Amino acid sequence: MKKLLITFCRYLLDFAYPRICVACEKQISDTETVLCFECQWTLPRNTNLLIHNESPENKFWGRLKTGGIYSFLSFTKGGKVQNILHALKYRNQPDLGVFLGKLCGKALQEQQLFTDAHYLIPVPLHRSRQRERGYNQAERIAAGIGEILQIPVWHDLLIRNRSTRTQTKTGGRLNRYRNLQGVFGMVPGAPELLKNKTVILVDDVLTTGATLEVAATALQEAGIKELFIVTLAAVKRNG
Ligand SMILES: [Zn+2]
């Protein structure tokens, strides 16, 4: 009887507030969570899985030495991945981050990529931004990856000293880089913990790469042995 009542209440709730897929905005069923099954299976996963340090495709080529860069999904303007990233940032969907992080973790596991890393470190938000959003989407993604790969997430070693809300999208790489100088720092004691460790730096999206580059440099200055970069999505290149 109780079960029947719960089912009925859920039916009423679904009727009043239909749950929708964050990617395609169609109504989702009881057995689906944040994404409908169709979207889960048809997300534009990257086939170009690993960008080596020497690859000309590497956005950080010549500036940052990494053991490899992996972006799980391809981002195109107006596409499903854009809806997902928007929901992650602005629609209070921390569970979506964990869900996608797990999918990303499974993809890494299947290809045996970066599975022997010691720590996952999400790119931090400034505390005022995190307070406003209620969570750090990069940390939620890292939590999902960590659950699959059984790698601990350290979210409090790398800190963001100031918000970069007004970070320019134009003005060229040099300007962006200048704007980001000194944005990231380490808590006292972090370098001792990170020394000679292999670290996966995690963020939601790889666009210009400027933020990741500055965060990665802070980790390397702390003496880590090897750096990998994992993002949920990367902007799809033309051609
Ligand atoms: Zn969908």
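The values are calculated or read from the model by the stated rules, or taken from the named source; none is laboratory data. What you are looking at is a predicted structure, and each value in this text was computed from that prediction instead of being measured. Methodologically, a virtual Cβ is constructed for each residue, glycine included, from the backbone with ideal geometry; neighbour enumeration extends over all protein chains shown.
For this structure, a couple of remarks:
- Members of segment 75-86 that are buried (at least 19 other Cβ atoms within 10 Å of the Cβ) and not charged (D, E, K, R): 75, 81, 84, 85
- Test: residue in segment 184-195 that is closer than 22 Å to residue 81 by Cα, within 18 Å of the chain's Cα centre (by Cα) and not acidic (Asp, Glu): no
- Check on residue 114, touching a Phe, Trp or Tyr at 6+ places or on another chain (Cβ under 6 Å) and in contact (Cβ under 8 Å) with a residue 24 or more places away in the chain: yes
- Of all residues in segment 77-92, those being modelled with pLDDT under 90 and not charged (D, E, K, R) number 1.
- Output for segment 33-76, where each listed residue is at pLDDT 90 or above, within 16 Å of the ligand (Cβ to nearest atom) and either of a type in the set (Gly, Ala, Ser) or over 18 Å from the mean Cα position of the chain (by Cα) (or both): 36, 37, 38, 39, 41, 42
- Positions within segment 199-239 being in contact with a strand residue (DSSP E or B) (Cβ under 7 Å, 6 or more places away or on another chain) and farther than 18 Å from residue 60 by Cα, in sequence order: 222
- Of all residues making up segment 184-204, the number that are at pLDDT below 95 and touching a helix residue (DSSP H, G or I) at 6+ places or on another chain (Cβ under 6 Å): 1
- The set of residues from segment 208-235 being at pLDDT below 90 and surrounded by fewer than 16 Cβ atoms within 10 Å (Cβ to Cβ) comprises just one member, 208.
- Per-region count, segment 193-211, residues more than 14 Å from residue 120 (Cα to Cα) and assigned to a helix (DSSP H, G or I): 2
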